[in-house]
Amino acid sequence: IWVVDNIEDKSQFYPQISQAAELLRANEIVAFPTETVYGLGANATDTAAVEKIFMAKGRPSDNPLIVHIAQLQQLEEIATDIPAFAYKLMERFWPGPLTLVLKTKGKISEKVTAGLPTVAVRMPNHPVALALIQECRLPIAAPSANLSGRPSPTTAKHVYDDLNGRIAGIVDGGETGVGVESTVLDCTEEIPVILRPGGVTKEEIEQVIGKVRIDAALEDKTATPKSPGMKYTHYAPKSPVIIIEGSRTFLQHLVDEQRKNGMKVGILTTEENKDFYQADVVLPCGRREDLHTVAAHLYQVLRHFDETDVELIYSESFPVEGIGSAIMNRLKKAAGYQVIREK
Ligand code: TXA
Ligand code: MG
């Protein structure tokens with residue numbers, strides 16, 4: 001683990017970065033901070049290096065990875081037929097939490113793209129990530145640096161807890177800021193499609209390029225996700241999570257019922273509501289009045305429940321607008337789409 005104390009001072013973190021970059025050039029895998037979550041990086045042009053990522057995470061090989069770049073020049077070596085609206089989005093949101101799915105140019109390992117004709121690319125807005133990519137002069141394939149199925153890591157300790165012994169190193173740049181992953185936007189359609197809501201909101205994208213669509217599988221609010229083979233739980237703590245749509249009194253009532261049956265119950269709530277509840281564990285996740293603070297703490301709180309002995313977690317729900325779309329998308333996956341609505 002290389003600890004970077006001041007992420008704004010390049011001279012201070014240069015020695016750590018150059019060691020990590022050397023490992024990446026030697027086709028080893030290294031975790032590093034981005035503005036969203038920690039990524040687990042590998043040389044995107046080398047199949048053996050990329051295979052190490054899938055091994056370390058236990059990730060199914062049909063799930064493609066995002067390629068991280070530090071300069072626009074790198075994009076043209078990776079992608080082709082890039083539409084004008086995509087350049088507009090890069091200008092506005094890069095570096096930043098927006099991933100663009102574009103037609104691949106073939107320089108990237110097929111392991112990265114899972115054999116698809118497209119490649120997902122983003123330029124992260126984090127000084128350590130940018131310095132690392134620049135220093136190794138390679139496009140870096142990087143999924144979130146967690147074991148597959150676990151909540152994504154927002155601190156170096158989360159990475160260590162999941163992947164210690166499985167990877168060559170971790171660059172520790174402190175807590176990430178955004179807290180949920182980048183927005184994935186398919187730019188190969190005439191009207192671009194959001195495949196995963198994330199750090200850049202639909203509203204922000206539409207301000208720049210007009211109407212975008214949302215992948216139908218994401219809008220499905222019923223119990224079953226549409227795409228077959230899609231794993232139902234992701235981002236999940238070890239105990240089951242159930243989302244409650246209703247009043248605080250309703251949620252408390254459900255908790256009381258379970259505790260009467262001898263269950264140990266946790267509640268995921270917010271600073272505003274935390275004193276209202278009684279349960280075995282009550283964890284506030286940011287402030288409801290500023291959903292960015294909820295996003296920033298979500299994975300940390302989900303992981304925190306694993307350090308308690310709760311057997312069931314009830315979560316408040318959040319408005320599906322702005323960054324709230326990403327929050328609810330991750331919560332629903334963590335809950336395996338289990339939602340209880342107050343009548
Ligand atoms: O914020 C983030 O995006 C973080 C940091 C590390 O940059 N990375 C991340 O990677 O979340 P990962 O692998 O956990 O998620 C990548 C997502 C997956 O949902 C994957 O299916 C999708 O991007 N994806 C990658 N390539 C794709 C492609 N060619 N077409 C469609 N979806 C793609
Ligand atoms: Mg992930």
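Choose one of V101, G169, T201: the residue whose Cα lies farthest towards the positive end of the charge dipole of the chain (beta-carbon charges +1 Lys, Arg; -1 Asp, Glu; about the Cα centre).
V101
Rounded, prolate or oblate: which fits the range 11-54, taking a ≥ b ≥ c as square roots of the Cα gyration tensor eigenvalues, rounded meaning a/c under 1.5, else prolate when a/b beats b/c?
oblate
Straight-line reach from K202: which lysines have Cα under 23 Å away, leaving out those fewer than 8 places along the same chain?
K202 reaches K88, K103, K211, K221, K226, K332, K333.
One quarter of the convex hull surface, Cα atoms only: what value does that give for the range 157-216 in nm²?
6.3
What aspartates and glutamates sit close enough to K111 to cross-link, taking a C-alpha to C-alpha distance under 12 Å and skipping anything fewer than 8 places away on the same chain?
D46, E51, D62
Excluding ligands, DNA and RNA, what is the solvent-accessible area per residue of the chain at a probe of 1.4 Å, expressed in Å²?
Ligands and nucleic acids excluded, the figure is 43 Å² per residue.
Determine the percent antiparallel among the DSSP beta bridges restricted to the chain, to the nearest 5.
Once the DSSP bridges in the chain are tallied, antiparallel ones form about 40 percent.
Using a Gaussian network model of the chain whose springs link C-alpha atoms within less than 10 Å, name the residue from I53, I140, I82 with the highest mean-square fluctuation.
Answer for the Gaussian network model of the chain: I82.
Do you know the relative contact order of the range 56-173, to the nearest whole percent, from alpha carbon pairs under 8 angstrom that are 6+ apart?
In percent, rounded to a whole number, it is 34.
Rounded to a whole number, what % of the accessible area of the chain do carbon and sulfur atoms account for, probe 1.4 Å?
Looking at the chain in its full context, I get 48 percent from C and S.
Round to a whole angstrom and tell me the spacing of the C-alpha centers of the range 321-341 and the range 181-221.
One Cα centre to the other: 16 Å.
Express in % the proportion of alpha carbon pairs of the range 246-343 at distances exceeding 19 Å.
Percent of Cα pairs beyond 19 Å in the range 246-343: 39.
What ratio of Cα Rg to 2.2 N^0.38 Å holds for the chain?
0.99
Kindly provide the helix-only [θ] at 222 nm of the chain, computed as the sum of -39,500 (n - 2.57) over DSSP H runs of four or more divided by all residues, to the nearest 500 deg cm²/dmol?
-10000 deg cm²/dmol
Where a ≥ b ≥ c are the square roots of the eigenvalues of the C-alpha gyration tensor, would you call the range 78-117 rounded, which needs a/c under 1.5, or, failing that, prolate if a/b is larger than b/c, or oblate?
Prolate.
Near K260, which lysines are there with a Cα under 25 Å away, not counting those fewer than 8 places off in the same chain?
Reachable lysines: K238, K274, K343.
For the range 118-226, what are Rg and Dmax over the alpha carbons, in angstrom?
In order Rg, Dmax, the Cα atoms of the range 118-226 give 16.4, 46 Å.
If one takes the longest principal axis of the Cα atoms in the chain, at what angle in degrees, from 0 to 90 and to the nearest 10, does the Cα axis of helix 248-260 lie?
80
The values are calculated or read from the model by the stated rules, or taken from the named source; none is laboratory data. Note that the structure is predicted; figures quoted are calculated from it, not measured. Positions of Cβ are backbone-derived with ideal geometry, glycine not excepted, and every protein chain shown enters the neighbour counts. SASA here: full protein model, heavy atoms, side chains in, ligands and nucleic acids out. Shrake-Rupley method; radii C 1.70, N 1.55, O 1.52, S 1.80 Å.
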